[in-house]
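Asks: My questions will all concern the structure given below.
The values are calculated or read from the model by the stated rules, or taken from the named source; none is laboratory data. Note that the coordinates shown come from a computational prediction; the quantities given were computed from them, not determined experimentally. No Cβ is skipped: glycine too gets one built from the backbone with ideal geometry, and neighbour counts run over all protein chains shown.
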Amino acid sequence: MHYYISVVHQEENSAYGLSFPDLPGCFAASDTWEGIPQAAVEALDLWFEDQPDIEPSSLEALRARQDVLDELKEGAVLMPIPYIPADTATVRANISIERGLLRAIDEAAKARGMTRSGLISSATRREIVGVA
């Protein structure tokens, strides 16, 4: 998992705009502040579909960049976005979990038409990244 720093800005009466200084051409928009993480992860997923894996710059390195400084002077803020690369390969894992919690997971998965593994994966991604 990497944390990519996004530059978030908003002009009056407009959506929030996001860009990623490390990823040229990767941008997103969200109508609400709360929707920024999901919009950001969707933009990262699309960008990485046909781009090489890039190691994110440190916060200190980004703060030293003139283009980022200019945006911050205009009112933008920096927001770290946790990103788990899409990897559809599955691996078997043996975990220990409370019996009652396992029953609740199985019931919730069945009610949603999911497998136990699918529900655990979705819930974990949402917990780490903030979006499903």
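Asks: Being loosely packed, with under 10 Cβ neighbours inside 10 Å, part of a helix (DSSP H, G or I) and polar (S, T, N, Q) is the filter here, so list the residues in segment 76-121 that pass it.
Replies: Correct list: empty.
Asks: Do any residues in segment 15-34 that are at positive phi have Cβ atoms under 7 Å from those of residues that are polar (S, T, N, Q), where the two are at least six apart or on different chains, and which pairs are they?
Replies: none
Asks: Still on this structure, please answer the following. Within segment 124-132, does at least one residue satisfy the condition of being under 30 Å from F20 (Cβ atoms), outside the structural domain of D22 (by TED's automatic domain parsing) and touching a Ser or Thr at 6+ places or on another chain (Cβ under 6 Å)?
Replies: The answer is yes; a qualifying residue exists.
Asks: Filter segment 63-85 down to the residues that are of a type in the set (A, V, I, L, M), farther than 18 Å from G17 by Cα and modelled with pLDDT of 90 or more and list them by number. Spell out the reasoning first.
Replies: Narrowing segment 63-85 to residues of a type in the set (A, V, I, L, M): 64, 68-69, 72, 76-79, 81, 84.
With farther than 18 Å from G17 by Cα added as a condition, the list becomes 64, 84.
Result: A64, single match.
Asks: Within the set of pairs 6+ apart or on separate chains, which have a first residue in segment 50-62 that is within 22 Å of V8 (Cβ to Cβ), a second that is assigned to a loop (DSSP other than H, G, I, E, B), and C-beta atoms under 8 Å apart?
Replies: As it stands, the answer is Q51/L23; I54/D22; I54/L23; P56/D22; S57/P21; S57/D22; L62/P21; L62/D22, since those pairs meet every condition given.
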